[in-house]
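The next block holds one structure in the form of structure tokens; read it before the comments.
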Amino acid sequence: MTWIAKPSGTQSIDTRDEPYVTDAMKAKWTTDILPKYETSHGALMPVLHDLQHAVGWIPLQAMAEVAAFLSIAPSEVLDTATFYEEYHTEPIGQHVIGICQSIACEACGHQAILDHVRSRLDIEPHQTTLDGRFTLMAMECLGACDTAPCCLVNSTRHDNITIEQLDAIIDALPDKVE
Ligand code: FES
């Protein structure tokens with residue numbers, strides 16, 4: 001197997017004039033998040049969560065802005081944002097459907113559910129439908145192994161899910177997430 005290194009050193013960053021990290025965000029993070037942590041680095045994950053909630057995903061420019069705000073290296077922000085699957089480093093669809101693929105859900109039929117959604121949406125995990133409506137994710141443990149199989153639709157977890165139930169949930173999703 002050959003390892004392919006990311007061209008991080010020469011990677012260009014698409015930027016826009018308007019910053020992603022606004023003055024209001026900085027004020028909120030300074031008041032609500034930073035005091036809870038001994039170092040600014042400790043605040044990185046909640047800051048990224050808040051940023052993603054506001055923007056929808058975490059562009060490279062936003063990572064650089066977060067790094068500047070927290071006085072840490074941009075590479076530390078990049079490492080964190082790309083390590084945890086809960087952070088989206090590409091634009092996502094209006095609705096995110098995550099199927100747990102960890103061991104309890106695997107033993108309880110996750111593959112059939114995942115295959116069904118792949119087929120229904122005609123996309124693979126970590127892809128978004130062409131109309132931008134759905135992103136499909138294969139996720140690690142959602143913390144509800146005793147009620148496997150589980151899925152996450154947007155921010156709501158569904159336990160003991162069946163294909164029929166998930167179909168009904170997808171059918172009922174609105175065209176836009178407010
Ligand atoms: S393995 Fe699926 S919730 Fe834990």
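Data for the structure
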read-out: Some residue of the range 123-132 being away from the ligand (no atom under 14 Å from the Cβ) and in contact with a Phe, Trp or Tyr (Cβ under 6 Å, 6 or more places away or on another chain); value: no
read-out: Residue pairs meeting the criteria (Cβ under 8 Å; at least 6 apart or on separate chains; first under 19 Å from Q101 (Cβ atoms), in the range 156-178; second at pLDDT 95 or above and small (G, A, S)); value: R157/A144; D159/A144; D159/A148; N160/A148; I163/A112
read-out: Complete set of residues in the range 95-107 that are buried (at least 17 other Cβ atoms within 10 Å of the Cβ) and within 11 Å of the ligand (Cβ to nearest atom); value: G98, I99, C100, Q101, S102, A104, C105
read-out: Sole residue being on the phi > 0 side of the Ramachandran plot and among the polar types (S, T, N, Q), chosen from S71, S75; value: S71
read-out: Complete set of residues in the range 67-87 that are crowded, with 20+ Cβ neighbours inside 10 Å and within 30 Å of T147 (Cβ to Cβ); value: A81
read-out: Residue in the range 118-126 that is surrounded by fewer than 15 Cβ atoms within 10 Å (Cβ to Cβ), acidic (D, E) and within 22 Å of E18 (Cβ to Cβ) present; value: no
read-out: Residue, surrounded by the most Cβ atoms within 10 Å (Cβ to Cβ), within the range 136-159, restricted to residues that are in a helix (DSSP H, G or I) and within 8 Å of the ligand (Cβ to nearest atom); value: C145
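The values are calculated or read from the model by the stated rules, or taken from the named source; none is laboratory data. Keep in mind the model is a prediction, meaning the values are calculated, not measured. Cβ sites come from the backbone with ideal geometry, for glycine too, and all protein chains shown count toward neighbours.
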